[in-house]
Amino acid sequence: MLLITCPYCGARPESEFRCGGEAHIARPPQPGNVDDTAWADYLFYRTNPKGVHAERWLHAHGCQRWFNMLRDTASDQVIGIYAMGKSRPDRPKT
Amino acid sequence: MRYSILSVLSQALQGNTGWKPVWRDAELKPAYDIVIVGGGGHGLATAFYLAKEHGLTNVAVLEKGWLGSGNVGRNTTIIRSNYLLPGNIPFYEWSMKLWEGLEQDLNYNAMVSQRGVLNLYHSDVQRDAYARRGNAMRLHGVDADLLDREQVKALVPYLDFDNARFPIQGGLMQRRGGTVRHDAVAWGYARAADQRGVDIVQNCEVTGIRLEGGRVVGLDTAKGFVRAGKVGLACAGNSSRVAALAGLRLPIESHVLQAFVSEGIKPLIDTVITFGAGHFYISQSDKGGLVFGGDIDGYNSYAQRGNLPAVEDVCESGMALMPMIGRLRLLRSWGGLMDMSMDGSPIIDKTPIEGLYLNAGWCYGGFKATPASGWCFAHTIARDEPHTLNAAYRLDRFATGHLIDEKGAGAQPNLH
């Protein structure tokens with residue numbers, strides 16, 4: 001069981017949450033202007049790393065708010081939690 | 001050595017002292033025509049069919065761990081071809097036909113047992129959907145029988161037919177479906193490929209894919225560089241990582257799926273039963289343990305072990321279907337890595353890199369596909385073009401919009 005610290009509710013068991021997949025995937029601002037390959041990359045292609053993964057989580061059976069999480073996919077260890085809209089903390093700001 | 005009743009009898013007389021290792025532990029040569037990355041069921045089957053169907057024997061299979069240490073030894077051993085969509089049915093039916101002749105093909109006992117696969121339905125809507133599926137199967141020459149409640153009751157009387165929330169109304173039966181001894185599939189393919197001259201190299205992780213001018217020229221491995229004319233990737237679970245060595249990004253997420261086995265009991269379940277109201281499938285192994293599984297855990301993971309919420313969910317589904325298993329003790333549970341493709345269907349195709357071929361995205365349906373996957377992948381590599389059976393499993397379908405949404409649930413790995 002993962003113990004996940006919701007930034008709004010505190011530490012709660014994994015079963016209250018739902019994973020929303022990879023974080024920081026930006027929707028092309030003008031979908032009509034991108035080709036099929038770029039649109040497919042946005043919709044379907046994923047980084048899928050073995051190691052630190054930035055992903056979105058929803059506190060579905062709680063406050064129903066979204067947040068971002070850094071987790072190691074090899075060990076399932078939670079590394080950090082940060083708010084939606086913030087950039088990835090382990091990457092330099094651009 | 002060819003296995004036969006005579007070989008068994010003569011070994012019995014010699015006190016079983018003359019059995020030889022089933023395959024050579026080959027040393028890596030400096031160059032091959034074709035190198036297959038991944039010594040699981042699909043990789044070994046590919047090597048076997050390259051040799052058998054196309055006469056290509058200057059082939060190596062590289063395996064990072066020991067042979068069959070991945071998903072071929074971690075699944076629930078079910079085979080079936082009860083698919084709905086035109087891109088899927090002929091492929092999976094070809095797989096079923098290869099299963100039916102597999103043991104003769106390989107001269108190896110893989111314990112193929114066509115004990116039937118029964119998918120239960122619990123509502124009028126689900127019955128109609130199964131009738132449609134059964135009709136689609138029969139139109140493609142696959143066997144399917146729509147059973148009503150009394151017919152199901154005669155087969156498996158111990159289910160909870162009068163469940164208050166999900167009463168069992170009937171089921172769709174594919175009698176040619178069943179189970180196969182999964183490790184024997186890996187061993188049988190390895191032995192048959194080895195006998196035809198294929199080198200199977202274990203403990204040989206691939207650490208790099210070398211390209212020159214947009215073409216693959218070889219692989220860096222734990223045992224040094226190996227030159228390769230063509231490279232086939234058959235490492236589902238880790239496809240994204242291996243493809244990334246060649247700079248490819250894939251429409252795949254790796255998730256963990258757990259499977260379970262109970263303590264051994266006397267013969268109880270003589271078929272494969274799937275619960276239509278939850279995600280749960282169960283059969284009984286020849287050792288007597290009940291083998292069952294359910295959903296993926298729900299988040300990307302390479303951990304090869306699952307978490308307790310999924311265990312609880314699977315066991316609850318089992319209890320809703322067969323309340324009597326509540327008194328059984330769980331013997332073991334384990335996790336395997338699933339290549340969850342975005343539309344729930346696999347990829348067997350060429351890649352944008354010349355000489356590099358991809359076999360990936362099997363979600364949790366890879367085991368039943370093992371023979372046809374190897375057969376089609378071998379064809380794709382040898383002829384440099386897909387066979388009609390795997391023509392729909394293209395890598396570029398995510399850009400062209402030709403997704404294969406078998407379950408009708410949408411294109412997200414957490415939906416199928």
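The values are calculated or read from the model by the stated rules, or taken from the named source; none is laboratory data. Here the structure is a predicted model, which means the values were calculated and not measured. Note that each Cβ is placed from the backbone with ideal geometry, even for glycine, and that neighbours are counted across all protein chains shown.
Couple of notes before you dig in:
- Between B:Pro309, B:Pro346, B:Pro386, B:Pro352, the distinction of being crowded, with 24+ Cβ neighbours inside 10 Å and not small (Gly, Ala, Ser) belongs to B:Pro346 only.
- B:Cys235 fulfils the conditions (1) surrounded by fewer than 24 Cβ atoms within 10 Å (Cβ to Cβ); (2) assigned by TED's automatic domain parsing to the domain that holds B:Thr57 except for a single criterion, (1).
- The helices (runs of 4 or more DSSP H) falling completely within the stretch B:65-181 include none with 3 or more residues that are in contact with a Cys (Cβ under 6 Å, 6 or more places away or on another chain) and either over 22 Å from B:Gly408 (Cβ atoms) or of a type in the set (D, E, K, R) (or both).
- Taken as a whole, the condition of being away from chain B (no Cβ under 13 Å), surrounded by fewer than 12 Cβ atoms within 10 Å (Cβ to Cβ) and on the phi > 0 side of the Ramachandran plot applies to A:Gly85.
- The combined condition, being more than 20 Å from the chain's Cα centre (by Cα), assigned by TED's automatic domain parsing to the domain that holds B:Gly237 and either β-branched (Val, Ile, Thr) or modelled with pLDDT of 95 or more (or both), is not fulfilled by B:Gly288.
- Pairs where the first residue, in the stretch A:13-42, is within 28 Å of A:Asp72 (Cβ to Cβ) and the second is surrounded by fewer than 17 Cβ atoms within 10 Å (Cβ to Cβ) and among the acidic types (Asp, Glu), C-beta under 7 Å, 6+ apart: none
Quick grid of which residues meet (1) surrounded by fewer than 17 Cβ atoms within 10 Å (Cβ to Cβ); (2) of a type outside the set (Lys, Arg); (3) more than 14 Å from chain A (Cβ to nearest Cβ); (4) more than 21 Å from B:Phe367 (Cα to Cα):
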{"site": "B:His182", "(1), (2), (3), (4)": "no, yes, yes, no"}
{"site": "B:Gly197", "(1), (2), (3), (4)": "yes, yes, yes, yes"}
{"site": "B:Arg249", "(1), (2), (3), (4)": "yes, no, no, yes"}
{"site": "B:His279", "(1), (2), (3), (4)": "yes, yes, yes, no"}
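- Lone unmet requirement of (1) at the interface with another protein chain (Cβ under 10 Å from one of its Cβ atoms); (2) more than 25 Å from B:Asp297 (Cα to Cα) for A:Asp90: (1)
- Taking the criterion of being under 22 Å from B:Ser239 (Cβ atoms) and assigned to a loop (DSSP other than H, G, I, E, B), the residues of the stretch A:25-52 that qualify are A:Ile25, A:Phe44, A:Tyr45, A:Thr47, A:Asn48, A:Pro49, A:Lys50, A:Gly51.
- All of B:Ile348, B:Ile325 fail the test of being over 17 Å from B:Cys235 (Cβ atoms), out of contact with any Lys or Arg (no Cβ under 7 Å at 6 or more places or on another chain) and away from chain A (no Cβ under 14 Å), apart from B:Ile325.
- Flag if B:Val152 is of a type in the set (A, V, I, L, M) and either under 29 Å from B:Gln104 (Cβ atoms) or surrounded by fewer than 16 Cβ atoms within 10 Å (Cβ to Cβ) (or both): no
- Meets criteria (modelled with pLDDT of 95 or more and either within 29 Å of B:Gly101 (Cα to Cα) or exposed (fewer than 15 other Cβ atoms within 10 Å of the Cβ) (or both)) for B:Leu139: yes
- Scan of the stretch B:281-306 for residues that are closer than 18 Å to B:Cys363 by Cβ, of a type in the set (S, T, N, Q) and surrounded by 22 or more Cβ atoms within 10 Å (Cβ to Cβ), ordered by number: B:Asn300, B:Ser301
- All positions within the stretch B:389-405 that are buried (at least 22 other Cβ atoms within 10 Å of the Cβ) and either of a type in the set (Phe, Trp, Tyr) or over 17 Å from B:Leu85 (Cα atoms) (or both): B:Tyr393, B:Phe398
- Output for the stretch A:53-71, where each listed residue is over 12 Å from the mean Cα position of the chain (by Cα) and either part of a strand (DSSP E or B) or within 12 Å of chain B (Cβ to nearest Cβ) (or both): A:Ala60, A:His61
- Test: B:Gly39 is in contact with a Leu (Cβ under 9 Å, 6 or more places away or on another chain) and outside any helix (DSSP H, G or I): yes
- Every residue from the stretch B:10-36 that is surrounded by 10 or more Cβ atoms within 10 Å (Cβ to Cβ) and assigned to a helix (DSSP H, G or I): B:Ser10, B:Gln11
- The residues listed here are A:Tyr45, A:Tyr8; of these, the one that is aromatic (Phe, Trp, Tyr), under 30 Å from B:Ala243 (Cα atoms) and at pLDDT 95 or above is A:Tyr45.
- Of everything listed in (1) closer than 30 Å to B:Ile168 by Cα; (2) buried (at least 19 other Cβ atoms within 10 Å of the Cβ), the single unmet condition for B:Gly326 is (2).
- Which numbered condition B:Cys363 fails, given (1) more than 15 Å from the chain's Cα centre (by Cα); (2) in the same structural domain as B:His54 (by TED's automatic domain parsing); (3) closer than 25 Å to B:Tyr299 by Cβ: (1)
- Verdict on B:Glu263 being at pLDDT 95 or above and either surrounded by fewer than 17 Cβ atoms within 10 Å (Cβ to Cβ) or out of contact with any Pro (no Cβ under 9 Å at 6 or more places or on another chain) (or both): yes
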